[in-house]
Every structure is written in C-alpha cells, then in structure tokens.
Amino acid sequence: MRTNQPQTIYLKDYKVPPFLVDHVDLRFELFEEGARVYNSMEIRRNPEAEPGQPLELDGEGLELEGLTLNGLPLADSDYEVTSGGLRIEKVSDSFTLGVVTWILPQENTRLEGLYKSSGMFCTQCEAEGFRWITYFPDRPDVMARFRTQVEADKARYPVLLSNGNDVESGDLEGGRHFVVWEDPFPKPCYLFALVAGDLVEKRDTFTTQSGRDIDLRMYVEPRNAEKCDHAIDSLKRSMRWDEQVYGREYDLDIFMIVAVDDFNMGAMENKGLNIFNSSCVLASPDTATDAAFQRIEAIVAHEYFHNWSGNRVTCRDWFQLSLKEGFTVFRDSQFSADMGSPTVKRIEDATLLRTAQFAEDSGPMAHPVRPDSYIEISNFYTLTVYEKGAEVVRMLHTLLGAENFRAGSDLYFNRHDGQAVTTDDFVKAMEDASGKDLTQFRRWYGQAGTPIVEVSDEYDADAKTYTLNVRQYIPPTPGQTEKLPQHIPFSLGLIGEHGEDLPLKLESGETDAPTERVLELTEAEHSFVFHDVSEQPVPSLLRGFSAPVKVRYPWTRDQLLFLMGHDSDGFNRWDAGQRLAVDVIQSLINQPQELTVDPRLVTAFRQLLSDSNLDQALVAKMLQLPSEAYLIELSEAADVQGIHKARTRVLNQLALQLRDELLACYRRNREEGPYEPTPEAIARRSVRNTALSWLMHINDEEARLLALQQFGQAGNMTDQSGALRALVNSDFEEDRTKALGDFYDQFSQDPQVVEQWFSIQAGSPRTGTLPAVETLLEHDAFDWKNPNKIRSVIGAFANQNLANFHATDGSGYRFLARHILALDSTNPQIAARLVAPLTRWRNYGDVYREGMKAALEQIHAKPDLSKDVYEVVHKSLV
Ligand code: ARG
Ligand code: ZN
C-alpha cells in the first residue's frame, strides 16, 4: 500500500491564482544526455487575489541549476524546493524570475512533459505536464505569452518547432542550430508544445473566409511521407466547416500537425502545433481501415476545433474540463455527421455511450460531467467528461434549436475570448442568447449517474386518446445518494398500424400537429395525453437518442420487429433491432441447446440482407449484433461465459439459416474500382465483411475460399484485415496461421499495421487465449514503452476478448494485475487506464467477483503506487 495518502483536490476549494505570468521566455538546449531549460517569467501579483501570499510554482522531477530574481541570484535561504515545486516566501508585486532546470527527456517513460519518441523530442503538457519541464504556475487560469528558442544538433534535429510563428533562426557552434518561435496569443502552459526531429514536411494552404492564406504544414518521419494526405484533407474540411457552421476562422498564419509514435492519448490541441498519436493521423488505403480513416478525420477536426473551444476560450480549472472537451466532441460529431451519414454517426456515438459511458456511470468511478473532486486529473479524461459532456451540449442544441444555439455559441466566444472560464459561463451564454431558463438543465453538470426513464401507456379507444406516463429517476452513485429530476429533451413519434407517423396532438382538434415532438421532462413524473388517435399506436421513444438516458418500455418482440421495419427515425429502427437481439440473446443464456433462436429474428435479418433498396449504411449497423460488453452492461450480475455462449449461438444459428443470403450479399457487395472512403463504399465493405465473418463463424467451406481470395487480393486494408479477422475467428487453423504469418511479413515495418495485427489476435476468442497473448508480449515488435502496443495486446485482451479475460480460474485478472503493477512504475497514466476492466467487479456473477477483487487488492498492496493507479483501485475497493 502507498505509504502516504495522496491528496484529494476539491472544486469547492478553487481560489484565483495569487500570481499571474504575463510573458515567458524559454530557451531549450537539447542534447542526447538531457535538456537544459532556461525560463524567464515576468510575474506580477494578481490584484484579485488575497495579498501577501508567497510565490509557489509547480515542478516535478526537475534538477534546479539556477534561480534569479530580477537578474540577481537567489540565496539558498530565500527559497525552498518542496516535493511538488518551488516556494519563494518574499517577492515584490512585479518581478522577473529566472529558472534553469536540467531534465532527462530520453529517460521519460511517463510521456508527460518533454520526452523522446523514436529519435525525436516532443512534448505533452495537458493536463499537468509542463511542471516536468520547468517551474511554473501549472494551472489553466494563468495565461502567458510565450517566446521559445529551441537549440539542437542540426544534423539530427533539422526541424525545430514550437507554438506560433517562427521569427528567427540560425546556426550555432558545434554543428548546432536554433529557431525562435513567438506565440502572440496568451495561453495556459498546458497548450505549450515543442518538437525537434528529422522530419519531412508536407505543405498545403488554406484561404480563410476573410481571405487570409494559412500555411498548413504536416511533419512526419520520412517513412510516413505517403500517409499524410488524408489528415491534410480532413484539416481543410474542418477549417471550412468551422467557418460555415460556427463562424470561426483560424487566427495564426501557420497551422502545424506532427505525428509521434509514443503518445498516451489520441492527440493534443497545442496552439498552432497539434501533436498526434501516429495511429490517429497517418493513413493510406493499403495500411489503414475505413474505421481508421473516419477516426483520423474526426480527431483532426476535434483538435482543430479546439483552437476556439479550448484555446481562445479555455478552462478556469480542470474540473471544467468538459467545457472544452464536451463542446469540442459535440462539434466534431456534428462535423462527422455532415461529412458522412448522420444516422450512422448517431448510432456509433450512442453505442459508445451506452456500452462504455453507462458502465462508467454505474461503477465506482462514476462522476459528474463537472467532477467535484479528483486525486489525479489524468483519470478524468473520461467518457463522462468527453462523451456525456458532448451529449449535454447536444441537448442544449435540441432544446434551443440550431439558430439560438449558434447565437449562444457566438455570445460565448465573444464574451469570453482570451479568458479561462467555467461550464456555467457556457450555459449562461446559451441562456442569455436564447432567453431560455436553463436553471434545472444545469443539473446535468453536477449529478452523476444515468437517468432511467420508465414509460407506460394506455390507449382509450372510445375517447381516442393515447396517454404516455413517463417517470425519471437516477440511481445513486458514489457520494451522491439523493438526486433531483433533470431537464430531459425526450423526442418521440407514434406509429400507426400501416407504419405511418401519426400526428401528435396535445390538444383535441389541433391542426397541423407535427408527427415528431420533443417533450421536455422536468418532473419526476409526467403524463402526456395525445388526442384524436384513432388506433393503438406503437411508440417510437427517444428518437435520435435525444438524451443520454436509459428508456424502459415493455415492447413486445412483434412491436420491435414492426419498428425495425417502419420507424421513420433511422436511429430507432436500428435501436429496435438491437433491443430485439438483446432480448433473444438474453433469453438463451444458460438454456438447453435444443432451444432455437426466435424465427422472427431470422426473418428480420433475412430482410436486411436481401433488400438492396435499404440504406446500406444503416443496414451495415443493423447487422451488428449487440456486443458482449453491452450485454454485460445490461446485466446486474453478469454471467460473462453465459453471455458469450448465448451470443455465439445466436450468431451461428443466424449464419446457418441465412447462409445463401449471406453469400449473395457478399457477392453483391464486392468491391470495384479504386479505394474511396465515401459513406457508400464504407457501407458496402462493412456489409460484405460482416457477411464473411458470419459465414466463417460456421466454418463454411465456400466462405473460406472467398476469405482466402479476399485476403490475397484485397486492394485496401479494410478488406485485407476483414478477411484476416474472419480467418482468425474460424476453425481453419492452417489458413489462419498462414494468413497471420503472411500479414506480418507484409507489414512488419509498419507500426500501425502491426498494432492491428496484435489486436486482431489478442481480441479474438479463438487466438487470444492467455498463453497466446503472453507469446505476443514476447514478440520482437512488442514494446513496453509504446502505449499503442500495450493497448493493442493487453487492452484488446481485457476489453474485447471477454470470454478469455474473464476465465473463471481468474488467470486473466492476475495477468492484468501483474502488468498494471509493472507499468505503474514506468507509465502511470497507461497503467491507470488498464484498471478499468476490473473496476466494476460488483456487477459480475459470483464466479468472477472474487477474482476481480483479488486482482485489485493485489495492485492496491504495491508500495508507492502512483497517484493515478491508486485513485482508480482505491475507489473501486471502497
Ligand atoms: N486535450 C486532448 C484532446 O482531447 C487530450 C489530452 C489528454 N491528456 C491527458 N493527460 N489525459 O484532444
Ligand atoms: Zn479534446
């Protein structure tokens, strides 16, 4: 166990910064043995803070080499180096402080602050990484102008980058050179970035709506020179879209993107210098799947959109993280919807939310969109802050309407440009611009947990009225037992017996009544009466997933089939299919083998496979059975093996009974022409690869030949890896071994593809047995210092290969605990993320619970556990 209890930070303790920094002058001397950082800060007392406070700067892992106040060295007795920083008791109201630190980027395995990744220097400062570079008030409400000089060996590091504009450069003695960067926009230090390396540059330009030419530059290692086009195109689309939809124009003359291989997260929005995990930015048709192309477009957009929602207007403190993340995820999801199929994008977002965010919201780490406390802020880059936060913004958009929402967004950006603000400031701007009272709506930011909306109905044939009774409540979450009703936009329609949308008359005789309405739920219980309803309708509830809630209504299987075929809301057509499949799978858990799948489900899938008039993008989604993770989330005491077997049984029976339709569907959707990541082409590939995977599940001989052919002849990575995945999940052992070997030989030089190769194996119930996964960890291409490799083996095993991870002998849990313990010492952020699959042990059946808990206890027992891992493990056990 940790010897010292780490400190909890509370939102209620927030105080304005005692000192402000107006200007920072940084000079980095980069060497192979380390880096020297000269930091000169112009500091003044904050007139709004309590007077007389000492100066306290944050700093971690720094060797202090020099300290001057207004140019004069400080005596040892004038300052104190504390465990988390530097303290100077007596300072005047305004002064210049000079700090020289020596740091070791080449030994930085935490990947926070300045570190080396395959021969290049790079930084990650959000949330609290800057303190690993130099002493500084490392908090987002201290915003300074930065001037940064970077010096390094010219041959090894020809490219030297930082935020803003390059204003000066030149050669130095000993084969070294320098570049000076100036960022005219004041920013918090979490947005600081530096890159030095031997990189190739790809250039493009973008002309803004006001006619300014922006220099776009993308920097990658030479071997990746051919993988930049998609990111640059995505960037240009994002820049145009933000002008058109939000009226936001880019503000610097240069916009840079850099790809690095070792990165804890997806990407980072540093001002003018976005840094990306290679896997979230590099793509070519033969190495990246459709999913990767879409992910890259979304992440490039996300980081770009942060320039306004995050950089120009930033967070006052880290409790406000969703201010920038929730809003920016909402913006990127609107963008993706506009670039592709809005219904499909909505299905993807809702699937992630319902599977993973709902799980988080009902587990021991549940927290509000604006948390009240944390031990380690890195643990709060969560699905709740990002995805639920985006849903909250989306509900504002629904409640206000597009026009008022835009007015609110304009007011927010104008009112707070250059400031560090709170989620409440955001809501206030929306409120002021629209005139809508959002007092109750604000509860979405403060209450944790997923609201449950229970619906019952009555049809009165004589009165021709249809009544919906709606009740909402939120189950308790850690630290929050009593909850108040929330303001929920509840979109719905009523469907008549011929599949038509009925007019929704809230008053009898209402003319021109709409066929879809957004009801505003504000009370714990409501009754809504619809008039002039001449037949018993089927309700289509929470259309478009209008709020991040769980809807309970006792639909019959026949009603679900009806909705699947008739609902005018595409999202709800898909949702009805999911509910039906969930019901069928759940009813087969631990049931005798003779019990067969409801023939109505088979018929419904036959229809999907055969009707080529249907929107194929929607069909591609409807063909996906609910995941094991989602089925687990829906259970109270999850029987993982039972769920796995029941789901597999449904899949096998569907495949056996629909064999001919699957083959026909596969052939009909065969690829022609060059690769294009358009929604139509993506849908076609998805449908075809799903058909193939189902057929391979039942070890169909004809499908085997098709899979081998597709694997050998594929013109793109989606089809090649689709075939590989299908082979890996079949019983054709020789074929799969050969395909895995060939695939590796073909792509062994490409880390992004090797990561897919790892995760296909580690995530497969057939090839991802524990001994096989342990062998992958011994593979030459595996690297404990590279987060992507860890995620693609250990992460894929624990999050996707649930039948093996939850082996009833507890071996999967012990395996995970062992590696979390090792990683805790090298990269605590990554270690803490890996704890997630164990945290919800209370929601699993008896055979799992003890093993999961024991693994958590084993981790908890490590002396000097990092704050990151401690927080997750400790909260999971209490
Ligand atoms: N702001 C980044 C993004 O969402 C993520 C940074 C995550 N950093 C961290 N330490 N967790 O675009
Ligand atoms: Zn973000």
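Points to keep in mind about this one:
- Overall Cα dimensions of segment 97-174, principal axis frame, Å, largest first: 37, 30, 21
- Across the chain, C-alpha contacts under 8 Å between residues 6 or more apart give a mean separation that, scaled by the residue count, equals a relative contact order of 9 percent.
- Members of 645/853; 12/785; 645/875; 428/867; 388/621; 483/645 lying beyond 28 Å, as alpha-carbon distances in this model show: 12/785; 645/875; 428/867; 483/645
- Against the chain, whose longest principal axis comes from its Cα atoms, helix 321-339 is set at around 50 degrees.
- Relative to the longest principal axis of the Cα atoms of the chain, the long axis of helix 557-566 makes an angle of roughly 70 degrees.
- At q = 0.23, 0.27 Å⁻¹ the log10 of I(q)/I(0) for segment 755-829 amounts to -1.03, -1.35, computed by Debye summation with a single uniform scatterer per C-alpha, solvent ignored.
- Candidates 588, 278, 255 compared by Cα position along the dipole of the chain: farthest toward the positive end lies 588, with charges placed on Cβ.
- Angle in degrees between helix 389-400 and the longest Cα principal axis of the chain, rounded to the nearest 10: 70 degrees
- Within straight-line cross-link reach of residue 187, lysines at Cα separation under 20 Å, skipping those fewer than 8 residues along the same chain: 15, 271, 324
- When restricted to Cα atoms, segment 1-197 yields an Rg and a Dmax of 17.1, 53 Å, respectively.
- Annotation: the residues 824, 639, 253, sorted from fewest to most other C-beta atoms within 10 Å of their own C-beta, follow the order 253, 639, 824.
- The share of alpha-carbon pairs in segment 138-281 lying farther apart than 20 Å comes to 51%.
- Förster radius 60 Å - calculated FRET efficiency between residue 4 and residue 648, Cβ distance, rounded to 0.05: 0.80
- Gain upon complete extension [residue 171, residue 594; 0.36 nm per residue less C-alpha separation]: 144.3 nm
- In loop segments of segment 139-177 as defined by DSSP, the GluC sites (Glu not before Pro) with at most 16 further C-beta atoms inside 10 Å of their C-beta are 173.
- Column: log10 I(q)/I(0), Debye, Cα scatterers of segment 313-445, q = 0.16 Å⁻¹: -0.83
- Using only side-chain charges placed at the Cβ, +1 for Lys and Arg and -1 for Asp and Glu, the dipole size of the chain relative to its Cα centre rounds to 1040 debye.
- Shape class for segment 137-186, computed from the alpha carbon gyration tensor (a ≥ b ≥ c): prolate, with a/c not under 1.5 and a/b above b/c.
- Sites listed here are GluC sites (Glu not before Pro) in segment 42-89 whose DSSP assignment is loop and whose Cβ has at most 12 other Cβ atoms within 10 Å: 48, 89.
- The C-alpha atoms of the chain occupy a region whose extents along the principal axes are 89, 67, 59 Å, arranged from largest to smallest.
Taken together, the values in this text are just the output of simple stated rules run on the coordinates, not laboratory data. The shown structure was predicted, so the numbers you read here are calculated from the model rather than taken from an experiment. Ideal geometry is used to build each Cβ from the backbone, glycine not excepted, and the neighbour counts take in all protein chains shown.
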